[in-house]
Amino acid sequence: MSENLKNAMILLGAAATDMARLFDVPRQDMVKWLSGSEPGQEYTSIIDDLAEAAEIITGSGLKYSPLILQRKIHKGKNFFEAVRDGVKAQDAARLIVRVSQTGQEQRERLKSRLADRTADCSVKVSDVIL
């Protein structure tokens with residue numbers, strides 16, 4: 001179980017503090033779990049879900065940054081907040097992927113539309129009326 005947790009943390013780029021907040025446990029408990037102590041039964045399904053969510057995000061082909069988890073995806077909440085409030089981690093991961101892909105597509109369309117434009121740097125100081 002601690003391997004799933006470690007893998008999820010590595011793939012998501014999450015700190016022990018983030019994970020402790022997610023599980024609503026003291027950071028020391030998280031450190032114990034990472035050291036091999038088994039978490040309670042109530043956490044095992046969430047840990048498995050997080051491991052799958054990490055695979056969804058990293059396998060999506062997105063240019064990944066841990067900051068992506070801070071995007072607001074569900075009722076104004078980021079990935080960790082949404083999962084803590086009961087959203088399945090895999091569903092939250094799919095939302096992150098969809099929102100990020102949509103944003104990337106929009107940026108590419110805008111870049112394409114503006115590609116032919118050049119900056120007009122021909123303004124001279126003498127042209128400006130003070």
Segment 14-33, subset more than 15 Å from GLU81 (Cβ to Cβ) and crowded, with 16+ Cβ neighbours inside 10 Å, residue modelled with the lowest pLDDT
ALA16
Residue ID - modelled with the lowest pLDDT, chosen from residues in segment 91-112 that are closer than 20 Å to PHE80 by Cα and of a type in the set (D, E, K, R):
ARG98
Scanning for something in contact with a Ser or Thr (Cβ under 6 Å, 6 or more places away or on another chain) and either without any contact (Cβ under 8 Å) to a residue 40 or more places away in the chain or not hydrophobic (A, V, I, L, M, F, W, C) (or both), does segment 40-56 turn up at least one residue?
no
Quick one: in segment 35-72, of everything that is closer than 18 Å to ARG21 by Cα and β-branched (Val, Ile, Thr), which residue is surrounded by the most Cβ atoms within 10 Å (Cβ to Cβ)?
ILE47
Looking across segment 50-90 at residues that are charged (D, E, K, R), at pLDDT 85 or above and outside any helix (DSSP H, G or I), the single one that is farthest from GLU3 (Cα to Cα) is LYS75
Filter segment 34-49 down to the residues that are modelled with pLDDT under 90 and of a type in the set (D, E, K, R), then identify the one that is farthest from GLU108 (Cα to Cα).
GLU38
Go through segment 1-46 and tell me which helices (runs of 4 or more DSSP H), entirely inside it, have 3 or more residues that are under 19 Å from the mean Cα position of the chain (by Cα).
2-12, 16-23
Checking the condition among the aliphatic types (A, V, I, L, M), in contact with a Leu (Cβ under 8 Å, 6 or more places away or on another chain) and more than 30 Å from GLY103 (Cα to Cα), which residue from LEU34, LEU12, LEU69 passes?
LEU34
What pairs come out if I take residues in segment 73-84 that are in contact (Cβ under 8 Å) with a residue 24 or more places away in the chain and pair them with residues that are surrounded by fewer than 16 Cβ atoms within 10 Å (Cβ to Cβ) and β-branched (Val, Ile, Thr) whose C-beta lies under 8 Å away, six or more apart or interchain?
ILE73/VAL99
Near pairs, Cβ below 7 angstrom, 6+ apart or cross-chain, from segment 99-121 (among the hydroxyl-bearing types (Ser, Thr, Tyr)) to any residue that is surrounded by 10 or more Cβ atoms within 10 Å (Cβ to Cβ) and outside any loop (DSSP other than H, G, I, E, B)
SER100/ILE68
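The values are calculated or read from the model by the stated rules, or taken from the named source; none is laboratory data. On a predicted model such as this, the values are computed, not experimentally measured, just so you know. All Cβ positions, even for glycine, are placed from backbone atoms using ideal geometry, and neighbour counts span all protein chains on display.
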